[in-house]
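Asks: My questions will all concern the structure given below.
The values are calculated or read from the model by the stated rules, or taken from the named source; none is laboratory data. From a predicted model like this one, the values you see are computed outputs, not experimental measurements. So basically every Cβ, Gly included, is an ideal-geometry build from the backbone, and we count neighbours across all protein chains shown. Calculation scope for accessible area: heavy atoms of the full protein, side chains included, ligands and nucleic acids excluded. Shrake-Rupley method; radii C 1.70, N 1.55, O 1.52, S 1.80 Å.
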Amino acid sequence: MKFTIERTIKIILVDDHPLFREGVKRILEMEPNFEVVAEGNDGKEVVELVQQYLPDVVLLDINMPEVNGVEATRQLMQKVPGTKVIILSIHDDEAYVTHAVKTGAAGYLLKEMDADALIEAVKVVAEGGAYVHPKVTHNLVNEYRRLASQGMEGLEIGFKEIEYRKPLHLLTRRECEVLQLLADGKSNRGIGKALYISEKTVKNHVSNILQKMNVNDRTQAVVEAIKKGWVKVR
C-alpha cells in the first residue's frame with residue numbers, strides 16, 4: 001500500500017562518498033516531510049549520532065572504510081534496539097541481503113535506485129515495514145525457490161509442486177500482469193515500459209495489489225504470491 005505520512009521523518013545518512021551522500025540528501029529533502037538531521041562518513045559514528053538525534057530512519061552505506069554498514073547495524077541493534085536501518089549497497093547478491101536482514105536491517109537498496117524507490121523505502125521503513133530493492137527481490141525469490149525445490153531450510157514444499165494460477169478471484173488481469181513483473185524484479189519504470197503504461201499508473205496498480213493482498217510492501221507481495229503459485233519464478 002502507498003504510505004501517506006503527515007509527520008516529519010527524521011533521517012540520518014551515512015556514506016563515505018560525499019558526492020553520493022549529497023545527491024541522496026537532495027532527493028530526500030525534496031520530500032516535504034523528510035528532514036536529514038545528521039550525516040556521517042563512517043559506521044563508527046552511527047551509534048553516537050542515533051543516540052543524539054533519535055532518527056526515524058538511518059541510511060547506511062554497506063561499504064565504509066572502518067566500520068561497514070552491516071557491522072554498524074549490528075552495533076545499533078545492541079545499543080539502540082529498534083533503530084530502523086536501510087542499507088545502501090552496490091551488491092545485489094542474495095548473500096549480502098540475507099546477512100544485512102539477519103543483522104537487523106529493515107531495508108536494502110541498491111545504489112542504482114531511482115528517487116521514487118528511495119522515498120518509498122524511507123516511508124515504508126519509517127512506518128515499520130520492510131523494503132527490498134526490486135532487483136534484489138528477484139534474486140531472493142530465486143534462492144528461496146532453489147532451497148524449496150531441494151527440500152532445504154525446513155521448507156515443506158517445492159515450487160515444482162505448486163500449480164501456477166493467476167489470482168483472478170482477487171486481482172484484475174492487469175494487476176496480475178504487474179504482480180508477475182514485480183516477481184521478475186522489475187522496477188516501476190521497467191513495468192511501465194513492459195506494459196506500455198505510465199509510472200503513475202504502475203504505482204496505482206502496485207498500491208491496489210498491496211491493499212488487496214493485505215501486505216505492506218512489494219517484497220511481501222512477491223513472497224506471498226510465490227507461496228500461493230500466483231506468479232511464475234523464471
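Asks: For region 168-182, what are the residues that are more than 17 Å from the chain's Cα centre (by Cα) and assigned to a helix (DSSP H, G or I)? Break it down stepwise before answering.
Replies: Step one: filter region 168-182 for residues more than 17 Å from the chain's Cα centre (by Cα), giving 168-178, 180.
Scanning region 168-182 gives 173, 174, 175, 176, 177, 178, 180.
Asks: If you don't mind, there's one more thing I want to ask. May I ask you to verify whether residue 226 is modelled with pLDDT under 85 and surrounded by 15 or more Cβ atoms within 10 Å (Cβ to Cβ)?
Replies: Here the answer is yes, as residue 226 does meet what is asked.
Asks: Which one is farthest from residue 128 (Cα to Cα) among residues in region 43-78 that are in contact (Cβ under 8 Å) with a residue 40 or more places away in the chain and of a type in the set (A, V, I, L, M, F, W, C)?
Replies: Step by step, filter region 43-78, then rank; the result is 64.
Asks: When both residues are 6+ apart or on different chains and their Cβ atoms are under 6 Å apart, which pairs have a first residue that lies in region 100-125 and is over 15 Å from residue 216 (Cα atoms), and a second that is open to solvent by 10 Å² or more (accessible area, probe 1.4 Å) and in a strand (DSSP E or B)?
Replies: Hits for this filter: 108/132.
Asks: Anything in region 182-204 that is crowded, with 23+ Cβ neighbours inside 10 Å and modelled with pLDDT of 90 or more? List them, or say none.
Replies: Matches in region 182-204: 191, 202.
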